[in-house]
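Please read the structure below before turning to the comments.
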Amino acid sequence: LMGLTEEDKEVLALLIQAAKIMDDIFYKQVWYSNSTLREWLNGHGEISELDLLKWKYYSINKSPWSCLDENEAFLTTADSAVRLLPEATKQVAGWKGVEYKAAFPILKPHGPASTLQIWIKMEFELWMKGLPEKEKQDATGFFNVIRKHNDTHSSSTSDLRIVPHSQEYYPYLAKAAELLHKAGNLTSSPILKRLLHSKADAFLSNDYYDSDIAWMELDSKLDVTIGPYETYEDVLFGYKATFEAFIGVRDDKATSQLKLFGDQLQVLEQNLPMDDMYKSTDVISAPIRVIQLVYNSGDVKGPQTVVKDRGSSMVMLKNVSEAKFNLILQPIAESCIIKEQRDLVDFDSFFTHTICHECCHGIGPHTITLPSGQSSTVRLELQELHSALEEAKADIVGLWALNFLIAKVRWCLFFQIYLLTAS
């Protein structure tokens with residue numbers, strides 16, 4: 001934080017307050033009773049060492065299901081939150097009411113395939129067929145949830161309805177918007193001011209286009225990613241975005257060193273080993289920002305890449321990557337790589353590989369034309385398979401891109417040597 005002004009630090013404090021609200025929303029997005037369980041586990045964390053471990057692992061997963069174990073429940077129903085109903089159906093002397101547990105399902109909602117999940121998908125797809133085109137786009141959009149009608153007097157032919165995030169999470173988003181407006185009024189950076197005010201407006205209007213453009217064009221010492229972005233939690237279709245926040249301080253030196261990768265996106269696109277009909281001719285150079293992460297919340301699964309109509313942008317979390325390298329990759333290397341080659345395992349190579357992977361999310365087909373002539377997107381058509389396949393694509397294309405760029409550098413060096421020799 002040494003490079004920040006007093007004004008920056010005041011803005012940073014407000015941003016962290018807004019980021020904490022993203023956590024509250026995300027807990028609800030994962031599971032409707034998650035907040036109750038969270039409060040109960042936190043309150044019981046000091047009872048024993050085991051209770052403390054339960055609370056810590058719950059805080060990592062932000063749910064009672066373990067991400068590292070195919071979302072298997074690591075708590076039991078005995079760990080569910082206890083509530084007290086003060087009014088019993090029949091008054092009994094000495095009885096305080098019904099104690100019940102808001103028990104979580106053994107399988108994470110929308111998790112491994114089950115008969116229930118199949119029925120949910122069938123109901124949604126059947127409902128979709130009867131919608132006008134505009135409502136179909138809304139139904140499959142990032143920024144809303146699908147709910148069942150609460151009233152029996154609905155004129156709808158189905159029990160489903162579209163609820164925008166701005167309505168579903170209004171109390172949270174209104175408070176977050178207020179904090180972002182305060183931070184926007186405080187900062188003297190015009191481009192950060194634009195981002196914060198546009199994002200605050202988006203929270204209440206549910207229209208994120210302007211704020212996403214402002215995010216891609218952000219150029220300030222304080223770096224902010226806040227709002228609904230990733231769709232990993234939606235394993236039914238991969239349609240619905242969850243809320244997150246990454247607040248950091250830009251690493252100017254590392255950011256300037258990595259400009260090369262963003263500038264090469266169009267070249268990489270045109271040289272992809274696939275039919276030209278699938279290649280885009282207007283890939284915009286991806287701004288890459290490297291930050292030292294100060295605070296994150298919500299759906300926090302790693303580097304942030306956003307692909308939009310005007311190109312893509314990426315934020316790399318350098319201190320998090322360094323921690324992963326030192327605490328995970330190095331110990332693995334000690335066990336798996338022969339002594340003579342261990343010196344070749346270094347952070348710069350690891351970070352370069354990660355950057356190439358993230359850059360390659362921005363190239364390749366995104367908008368496609370179906371055999372029927374209808375325009376669609378790869379994400380929309382692949383549904384719940386999209387996240388896994390997109391990550392696999394970025395992995396293999398990232399390796400291909402590194403090889404391509406290395407070969408390009410070699411040819412440039414060879415040509416320069418040839419010219420020097422000829423002269």
How big is the accessible area of Trp55 in square angstrom, nearest 10, if you roll a 1.4 angstrom probe over the protein chains?
-> 50 Å²
Computed on Cα atoms, the radius of gyration and Dmax of segment 313-423 in angstrom are 19.6, 59
Cα-Cα longer than 23 Å, checked against Lys193/Lys240; Lys28/Lys121; Lys28/Lys129; Lys121/Lys148; Lys108/Lys240; Lys279/Lys324, kept in input order, equals Lys193/Lys240; Lys28/Lys129; Lys279/Lys324
Considering only DSSP beta bridges where both residues belong to segment 233-392, give the percentage that are antiparallel (nearest 5).
-> 80 percent
Among Val290, Val283, what's the order by accessible area (1.4 angstrom probe), most exposed first?
-> Val283, Val290
Protection proxy ranking, peptides 250-262, 172-184, average beta carbon neighbours within 10 Å, highest first | 172-184, 250-262
proj_area_mean for the chain (convex hull on C-alpha atoms), units nm², value 29.8 nm²
At most 16 other Cβ atoms within 10 Å and a DSSP loop assignment: could you name the GluC sites (Glu not before Pro) in segment 207-241 that fit?
-> Glu217
Where does each of Thr36, Thr5 land when they are ordered by accessible area, with a 1.4 Å probe and the largest first?
-> Thr5, Thr36
If you count, for each residue, the other Cβ atoms within 10 Å and average over each peptide, how do 316-325, 269-278 line up from highest to lowest?
-> 316-325, 269-278
List the aspartates and glutamates whose alpha-carbon lies under 12 Å from that of Lys136, not counting same-chain residues fewer than 8 positions away?
-> Glu125
Sequence-separation-based contact order of the chain, relative, with Cα cut under 8 Å and 6+ spacing, percent = 14 percent
Helical mean residue ellipticity (222 nm; -39500 (n - 2.57) per DSSP H run of 4+; nearest 500) of the chain = -14500 deg cm²/dmol
Given the protein chains as shown and a 1.4 Å probe, how many square angstrom of Thr421 are accessible, to the nearest 10?
-> 110 Å²
How would you rank 236-246, 206-216, 373-383, highest first, on the average number of other Cβ atoms within 10 Å across their residues?
-> 236-246, 206-216, 373-383
Which of these, Ile25, Ile338, Ile226, has the largest mean-square fluctuation under a Gaussian network model of the chain (Cα springs below 10 Å)?
-> Ile338
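The values are calculated or read from the model by the stated rules, or taken from the named source; none is laboratory data. Treat the numbers as computed from the prediction; the structure is a model and nothing was measured. Positions of Cβ are backbone-derived with ideal geometry, glycine not excepted, and every protein chain shown enters the neighbour counts. Heavy atoms of the whole protein, side chains included, go into the accessibility calculation; ligands, DNA and RNA do not. Shrake-Rupley method; radii C 1.70, N 1.55, O 1.52, S 1.80 Å.
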